[in-house]
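Structure first, then comments.
The values are calculated or read from the model by the stated rules, or taken from the named source; none is laboratory data. Predicted model, so just to flag it, every value in this text is computed and none were measured. Here Cβ is always computed from backbone atoms with ideal geometry, including for glycine, and neighbour counts include all displayed protein chains. SASA here: full protein model, heavy atoms, side chains in, ligands and nucleic acids out. Shrake-Rupley method; radii C 1.70, N 1.55, O 1.52, S 1.80 Å.
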Amino acid sequence: MGVRTTNVQDGNIGETLTSLAATLHGRWEHDPSESYTAKLLKGEEDELLKKLAEEASEIIMACKDDDHDHIRYEMGDLLYHLLVTAERYGISLPELAGELNARMK
């Protein structure tokens with residue numbers, strides 16, 4: 001587990017995800033030795049896939065501990081890694097939104 005985030009304020013999830021997705025897209029131009037995101041985008045596929053499994057497991061453990069702040073923290077990690085996965089495999093946020101919208105019908 002990483003260091004807990006302090007002074008968390010509510011935000012707009014749509015704006016946050018859109019901004020983060022744009023930042024991640026720009027990381028293709030960075031050196032993987034200097035950017036963790038570039039390393040995940042350009043590096044070994046298994047490294048990213050292992051991170052997805054790890055973060056999902058950490059959410060489960062935080063839920064078992066009924067630790068609200070830890071759950072939120074780990075959800076942030078998983079969302080980041082999910083967005084990196086989407087970027088690596090060419091799935092846009094609008095496409096993902098379409099997938100979720102189609103399921104609500």
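Of (1) within 20 Å of N12 (Cα to Cα); (2) polar (S, T, N, Q); (3) outside any helix (DSSP H, G or I), T23 satisfies all except one. Which?
Of the numbered conditions (1) within 20 Å of N12 (Cα to Cα); (2) polar (S, T, N, Q); (3) outside any helix (DSSP H, G or I), the odd one out for T23 is (3).
Which number in (1) of a type in the set (D, E); (2) surrounded by fewer than 14 Cβ atoms within 10 Å (Cβ to Cβ); (3) farther than 21 Å from S19 by Cβ marks the one condition that E95 misses?
Going through (1) of a type in the set (D, E); (2) surrounded by fewer than 14 Cβ atoms within 10 Å (Cβ to Cβ); (3) farther than 21 Å from S19 by Cβ one by one, E95 breaks only (3).
For E15, state whether it is assigned to a helix (DSSP H, G or I), more than 13 Å from V84 (Cβ to Cβ) and either of a type in the set (S, T, Y) or in contact (Cβ under 8 Å) with a residue 12 or more places away in the chain (or both). Even if it seems obvious, please write down each step before you answer.
Details: assigned to a helix (DSSP H, G or I): yes; more than 13 Å from V84 (Cβ to Cβ): yes; either of a type in the set (S, T, Y) or in contact (Cβ under 8 Å) with a residue 12 or more places away in the chain (or both): no.
Judged against the criteria, E15 is not a match.
Could you list, in sequence order, all residues of the stretch 48-76 that are of a type in the set (D, E), at pLDDT 95 or above and more than 25 Å from P32 (Cβ to Cβ)?
Answer for the stretch 48-76, where residues must be of a type in the set (D, E), at pLDDT 95 or above and more than 25 Å from P32 (Cβ to Cβ): D65, D66.
Return the only residue of L82, L78 being within 11 Å of the chain's Cα centre (by Cα), open to solvent by 40 Å² or more (accessible area, probe 1.4 Å), without any contact (Cβ under 8 Å) to a residue 60 or more places away in the chain and at negative phi.
Of L82, L78, the one residue that is within 11 Å of the chain's Cα centre (by Cα), open to solvent by 40 Å² or more (accessible area, probe 1.4 Å), without any contact (Cβ under 8 Å) to a residue 60 or more places away in the chain and at negative phi is L82.
Filter the stretch 39-81 for residues that are farther than 26 Å from D10 by Cβ and among the acidic types (D, E) and give the result.
Residues satisfying the conditions are E44, E45, D46, E47, E54.
Test S92 against the stated conditions and say whether it is out of contact with any Leu (no Cβ under 9 Å at 6 or more places or on another chain) and at pLDDT 95 or above. Walk me through it before giving the result.
On the way: out of contact with any Leu (no Cβ under 9 Å at 6 or more places or on another chain): yes; at pLDDT 95 or above: yes.
Yes.
Going through the stretch 26-45 one residue at a time, which ones are open to solvent by 50 Å² or more (accessible area, probe 1.4 Å), over 20 Å from E74 (Cα atoms) and not in a loop (DSSP other than H, G, I, E, B)?
Step one: list which residues in the stretch 26-45 are open to solvent by 50 Å² or more (accessible area, probe 1.4 Å), which gives 27-34, 36, 39, 42, 44-45.
From the residues that got through so far, the ones that are over 20 Å from E74 (Cα atoms) too are 27-34, 39, 42, 44-45.
Selection gives R27, W28, E29, K39, K42, E45.
Which condition breaks for I91 when tested against (1) over 21 Å from T6 (Cβ atoms); (2) of a type in the set (A, V, I, L, M, F, W, C); (3) in a helix (DSSP H, G or I)?
Answer for I91: the failing condition is (3).
Within the stretch 2-12, track down each residue that is in contact (Cβ under 8 Å) with a residue 12 or more places away in the chain and either among the hydroxyl-bearing types (S, T, Y) or closer than 18 Å to L96 by Cα (or both).
Step one: of the stretch 2-12, the residues in contact (Cβ under 8 Å) with a residue 12 or more places away in the chain are 2, 4-5, 8.
If the condition is that a residue be in contact (Cβ under 8 Å) with a residue 12 or more places away in the chain and either among the hydroxyl-bearing types (S, T, Y) or closer than 18 Å to L96 by Cα (or both), then T5 is the only one that fits.
Out of all the residues in the stretch 46-71, which are small (G, A, S) and either touching a strand residue (DSSP E or B) at 6+ places or on another chain (Cβ under 9 Å) or open to solvent by 50 Å² or more (accessible area, probe 1.4 Å) (or both)?
Those that are small (G, A, S) and either touching a strand residue (DSSP E or B) at 6+ places or on another chain (Cβ under 9 Å) or open to solvent by 50 Å² or more (accessible area, probe 1.4 Å) (or both): A53, S57.
Based on this model, can you work out whether A38 counts as aliphatic (A, V, I, L, M) and touching a residue at least 24 places away in the same chain (Cβ under 8 Å)?
On the way: aliphatic (A, V, I, L, M): yes; touching a residue at least 24 places away in the same chain (Cβ under 8 Å): no.
Answer is no for this residue.
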